[in-house]
1. Pull up region 1-12, narrow it to residues that are of a type outside the set (Ser, Thr, Tyr) and open to solvent by 50 Å² or more (accessible area, probe 1.4 Å), then point me to the one that is farthest from residue 91 (Cα to Cα).
2. Search region 181-194 for residues being within 21 Å of the chain's Cα centre (by Cα) and open to solvent by 50 Å² or more (accessible area, probe 1.4 Å), and hand back the single one that is farthest from residue 128 (Cα to Cα).
3. Name the pairs: first residue in region 131-144 and over 22 Å from residue 119 (Cβ atoms), second residue open to solvent by 70 Å² or more (accessible area, probe 1.4 Å) and part of a loop (DSSP other than H, G, I, E, B), Cβ to Cβ under 9 Å, at least 6 apart or on different chains?
4. Tally up the residues in region 85-131 that are open to solvent by 20 Å² or more (accessible area, probe 1.4 Å), closer than 26 Å to residue 34 by Cα and in a loop (DSSP other than H, G, I, E, B), please.
5. Filter region 209-220 for residues that are part of a loop (DSSP other than H, G, I, E, B) and at pLDDT 90 or above and give the result.
6. Filter region 213-249 down to the residues that are over 28 Å from residue 190 (Cβ atoms) and within 23 Å of the chain's Cα centre (by Cα) and list them by number.
7. If I ask for residues that are surrounded by fewer than 17 Cβ atoms within 10 Å (Cβ to Cβ) and either assigned to a strand (DSSP E or B) or of a type in the set (Ser, Thr, Tyr) (or both), which ones from region 153-169 would you list?
8. Give the number of residues within region 43-84 that are more than 18 Å from residue 113 (Cβ to Cβ), part of a strand (DSSP E or B) and β-branched (Val, Ile, Thr).
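The values are calculated or read from the model by the stated rules, or taken from the named source; none is laboratory data. Just so it is clear, the model here is predicted, and its values are computed rather than measured. Glycine also receives a Cβ, built like all others from the backbone with ideal geometry; neighbour counts cover every protein chain displayed. These accessible areas exclude ligands, DNA and RNA; they are computed on the full protein's heavy atoms, side chains included. Shrake-Rupley method; radii C 1.70, N 1.55, O 1.52, S 1.80 Å.
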Amino acid sequence: TLYPDGGSSMQGAALYASHTFEISEKLILNDGIRLSQVGLQAQFVDQTFFPFPFNQIQQNHLALNGNIGLIYMPVPKLRLTLNGSSAFRAPNVDDLTKVFESVPGSVVVPNPNLKAEYAYNAEFGLQYQFMKKSTFCVNLYQTYLTNALTVQNGTFNGADSIMYDGQLSQVMTTTNAAKARVWGVELFLNAKISNNFVFQATYNYTNGRILTDTVPYPLDHIAPAFGKASLIYTKMKWRAEFFAQYSGWKKLEDYNLIGEDNYSYATPDGMPSWYTLNLRMNYAFSKNLSVQAACENILDRNYRMFASNISAPGRNFIITLRGNF
């Protein structure tokens, strides 16, 4: 089985306190502290197929984390935020116990010695209101990880390869990388063109690297740049939205080749960029009942989401009836 046949359980508890202090009309301080406890236990009963050198995994983690932030509003239309925080993530059942063939010829095996990963975060945000009800927002962030949970080459009973499902497979395991960092930017625009039309746009970019003694190596699970742009029309009981969704290239050099980015599903150059055009219209019969019709991927483009082995839907139609009681 993918997970321990004897069953797994997790339990957690936390105690936290938060505090907000309005230093002045233009400056607000917020801070907090949290004590967390997370435990996990898993039992491996039948080891006929996979003779693990252990019959159970048991862990218990205790961590103290906090945050401190400032909100500064020098003028009514401008809002600046600065925040610093720490966090931790205990390994879960999937991280610790799964047996999984991520790609043919590679098999992930459990690692009972995994430690919790810790994150130290810094974030800066700006929100500016213009033209009455229009808003522009930007957020910059960076996270520094220690003991980052990543999939790496490993061994099983001292061997770097084993027979799995009739095939000689490279042993992989989730391990604690020494250090890693993630940084990115988020952009949001909400522009009111007229009483009936609103333009909205989002953009997200993330960069993640495992820090080594030489050249930083790509961190897995990092999506390429993506976003959405919408033109929204509203009038009385009608609401219509024409929008484009898009994703940038995920170049092969940005893939984690030994992690879970599924590079085998990509082209020789990586995962190509794509965009779709979509339309949906909604009519509200009352505040409790509405109907919506949508056409997605109008141009019937053939594309795949990053890390997927299945092409996304082509041109498709959706009818939705919503009711509140």
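1. Among them, the one singled out is 5.
2. 181
3. 134/193
4. 3
5. The answer is 216, 219.
6. 216, 217, 218, 219, 220, 221
7. Selection gives 153, 155, 159, 161, 162, 163, 167, 168.
8. 3
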